[in-house]
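*Asks:* A single structure is presented below for examination.
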């Protein structure tokens, strides 16, 4: 089995973060923590003008959290820590003073949708359908909700959350504002992402820093808000409903 990783490289002021996990690019806690550190470091690196966030692999952009870690949660505290993984990534992206471009080549589920929503500019292929499946196992997309609501609005978020069994197309996500453009294939996507990154890298860094503050206006309470949301999910994951649903899913 291929080894999971997160890597980043900087070229001509453009930093590219790539992550990979053999289980459909799901993100266990150690990779989420590493992602937080990398985003924070790049945000403080004066050589970096703009950041691209993408995943590797053929099909899925990100399947969300690690299922193996999810089923091993035994108490509310460990549950809260588990759900804080994606909360910390979203907050790191929010606080990063650099513009972050999302490159979404395939399906995004749960936390993967949250990561896409937390980028400042997001491009995708037509294969990048999205789903919030949390209600099917008795929890909800509480941690990622603020980032997603901010991009697509409460009505679309409600539709996506309640219709938890179904994927919504990349065109639907584009029409709701999650994606800023949709492309035929990965090659077209990568060309568009690079072109946008090069444009942004040529802008005034001070102006971009101020713009980032404007884009994330009124989110200053998210540190505490996402902790509260993680605690809700950490409690729900211990419910009899969720334990039974996870057992069926595992079998």
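Laboratory data are not the source of any read-out in this text; all were calculated from the coordinates shown. Bear in mind the structure is a predicted one, so any value in this text is a computation, not a measurement. For neighbour counting, all protein chains shown are included, and Cβ atoms are generated from backbone atoms with ideal geometry for every residue, glycine included.
*Asks:* Hey, what angle do you get for helix 222-236 against the long axis of the chain, alpha-carbon based, 0 to 90 degrees rounded to 10?
*Replies:* 30
*Asks:* For region 1-63 and region 193-251, what is the separation of their Cα centres, given in Å?
*Replies:* Rounded to whole Å, the Cα centres lie 15 Å apart.
*Asks:* How many percent of DSSP beta bridges within the chain run antiparallel, rounded to 5?
*Replies:* About 25 percent, rounded to the nearest 5.
*Asks:* Moving on to the next point. Relative to the longest principal Cα axis of the chain, at what angle does helix 76-95 sit, 0 to 90 degrees, rounded to 10?
*Replies:* The two axes meet at around 20 degrees.
*Asks:* Still on this structure, please answer the following. Expressed as a rounded percentage, what relative contact order does the chain have, with Cα pairs under 8 Å and six or more residues apart?
*Replies:* In percent, rounded to a whole number, it is 22.
*Asks:* How do the peptides 68-78, 152-162 rank, highest first, by the average count of neighbouring beta carbon atoms within 10 Å per residue?
*Replies:* 152-162, 68-78
*Asks:* Rounded, prolate or oblate for region 5-201? Axes are the square roots of the Cα gyration tensor eigenvalues, ordered a ≥ b ≥ c, and the cut-off for rounded is a/c under 1.5.
*Replies:* Oblate, since a/c reaches 1.5 and b/c is not below a/b.
*Asks:* State, as an integer percentage, the relative contact order of region 1-129 based on alpha-carbon contacts under 8 Å between residues 6 or more apart.
*Replies:* 26 percent.
*Asks:* Helix 29-43: angle to the longest alpha-carbon principal axis of the chain, degrees 0 to 90, nearest 10?
*Replies:* 20
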